[in-house]
Amino acid sequence: MDKGLKRKIIETGRRLGLPQKTVKSLLEHKAEFEFEVCLDRTKQCFKAYRIQHNSSLGPHKGGIRFHPSVSKSEVATLATLMTLKTAAIGLPLGGGKGGIAVDPRTLSKEDLEELSRNYARFIAPYIGEDKDIPAPDVNTDSSVMDWMLDEYQKATKSQTKAAFTGKSINNGGSRGRSEATGLGGYYVLERILENRNEKFPKTVAIQGLGNVGYHFAELIASNKKYKLIAVSDSVGGVYSITEKNLDPKKVMDAKLAGRSVVDFAKKNQDTKLVSNEELLTLDVDVLILAALSDAITEKNMKQCRAKYIVELANNPVSDKAHDYLTKNKVVVVPDIIANAGGVTVSYFEWLQNRQNQIWGKQKVYKKLKKYLVNATDEIHDIVSSQGISYKDAAYEVAIARIARNDGSGEQGIGK
């Protein structure tokens, strides 16, 4: 687990006056699985993990990512963050995470399916709708979840669809799931700005125009209160030199037609190329971090000029960078509420599967907004009364909620 995360848990426990035993339980994991998944055709083998952190509030919940940088330490940190995230939002779920250290872009569709099925077959005895419910994450999608669910059903002789979330709509997936994380981040940002009575024109830059960043960009671009002036992906970024609102769809179309959002800048004279590093230092009101972890660290924190930073990715601002930015009056909206839209709609999917229901998209949106606005208000009240950061307040809410539970893991399940 990340050292900064450990320190934050310990500090929060001390601030809340919790017993050492309670704090210690949050620094440990309930179960860890480290194994290899191999491909028959190429004989390649890849390191794989599933870590279950805490189930005091309900079954473990967390995504599965396919990325070359996946490691046991990273998965452990993300599993812990999932516990805190579900608790901060008030979901009856615990935390877990999984992954395979692989670049899926190097695999054929057939190899990707075999890898997914082999992973699901290994973890099948340890997961399930009442134990641990995986979901998509970096470089995984509904197709991967469909393969994994099918393999799980074969291995366990079960017909449930509630063992995985993030599935395709025709296979029990929830409407609104693909846009949930970006939409949830938008709800949270809007509520924080409203609570803080912010009136200034809001220029926005987004690092990471993937699924999450794109849906967030669409919402920002459609709201006249904001100006979307810069976006980037793993190759580079594009910046509007006239501060005219970028059109996310046109930028994404250029990306899909070429290799990156940089292809948009090559054909539009009102824009210029910027690197990912330069985008983080632009003079904007709101900086959205929707890529990977450690985007802002000690190395570049002093160059950041944004007034608000929204952590749509997991852990994109390092612990020391967060403390520095907070001291300098930058509002960092923490990942455990900013990107909780995905797990919230995953919870809705789990409920629909268990209750044999299908909800309309507007119902999903309405329930999602209610959960996130309520959670944001609760956290904002602590920020206002104690003068602490949103991250510290979110940790207080989450850890206090876990500590109050009796540990049975049954409270609120299915309600």
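The values are calculated or read from the model by the stated rules, or taken from the named source; none is laboratory data. Just so it is clear, the structure is predicted and the values come from calculations on it, not from any experiment. Counting neighbours? That spans all protein chains shown, and the Cβs are built from the backbone with ideal geometry, glycine included.
Data table
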{"item": "Every residue from the range 263-274 that is of a type in the set (Lys, Arg) and either assigned to a helix (DSSP H, G or I) or modelled with pLDDT of 90 or more (or both)", "result": "Lys266, Lys272"}
{"item": "Answer from Asp150, Asp111, Asp146 - the residue that is assigned to a helix (DSSP H, G or I), surrounded by fewer than 24 Cβ atoms within 10 Å (Cβ to Cβ) and in contact with a helix residue (DSSP H, G or I) (Cβ under 7 Å, 6 or more places away or on another chain)", "result": "Asp146"}
{"item": "Hits in the range 302-328 (condition: of a type outside the set (Gly, Ala, Ser), part of a helix (DSSP H, G or I) and within 22 Å of the chain's Cα centre (by Cα))", "result": "Asp319, Lys320, His322, Asp323, Leu325, Thr326"}
{"item": "Among the candidates Gln207, Gln269, residue that is exposed (fewer than 15 other Cβ atoms within 10 Å of the Cβ) and either more than 26 Å from Ile192 (Cβ to Cβ) or touching a residue at least 60 places away in the same chain (Cβ under 8 Å) (or both)", "result": "Gln269"}
{"item": "All positions within the range 221-250 that are farther than 20 Å from Lys272 by Cβ and not basic (Lys, Arg)", "result": "Ser222, Asn223, Tyr226"}
{"item": "Selection from the range 356-383 of residues that are part of a helix (DSSP H, G or I) and without any contact (Cβ under 8 Å) to a residue 60 or more places away in the chain", "result": "Gln362, Lys363, Lys366, Lys367, Lys370, Glu378, Asp381, Ile382, Val383"}
{"item": "Qualifying residue in the range 64-80 (condition: small (Gly, Ala, Ser), crowded, with 24+ Cβ neighbours inside 10 Å, free of Cβ contacts under 8 Å to residues at least 60 places away in the same chain and within 25 Å of Arg401 (Cβ to Cβ))", "result": "yes"}
{"item": "Subset of the range 153-177 (residues that are without any contact (Cβ under 8 Å) to a residue 60 or more places away in the chain, among the polar types (S, T, N, Q) and either surrounded by 21 or more Cβ atoms within 10 Å (Cβ to Cβ) or in a loop (DSSP other than H, G, I, E, B) (or both))", "result": "Ser158, Gln159, Ser168"}
{"item": "Given (1) under 18 Å from Val343 (Cβ atoms); (2) touching a Ser or Thr at 6+ places or on another chain (Cβ under 6 Å), number of the condition Lys97 does not satisfy", "result": "(2)"}
{"item": "Sole residue being of a type in the set (S, T, N, Q), modelled with pLDDT under 95 and over 24 Å from the mean Cα position of the chain (by Cα), chosen from Ser260, Ser222, Ser232, Ser240", "result": "Ser240"}
{"item": "Qualifying residue in the range 25-42 (condition: of a type in the set (A, V, I, L, M, F, W, C), over 22 Å from Asn139 (Cβ atoms) and touching a Pro at 6+ places or on another chain (Cβ under 7 Å))", "result": "no"}
{"item": "Qualifying residue in the range 220-232 (condition: within 25 Å of Arg65 (Cβ to Cβ) and among the hydrophobic types (A, V, I, L, M, F, W, C))", "result": "yes"}
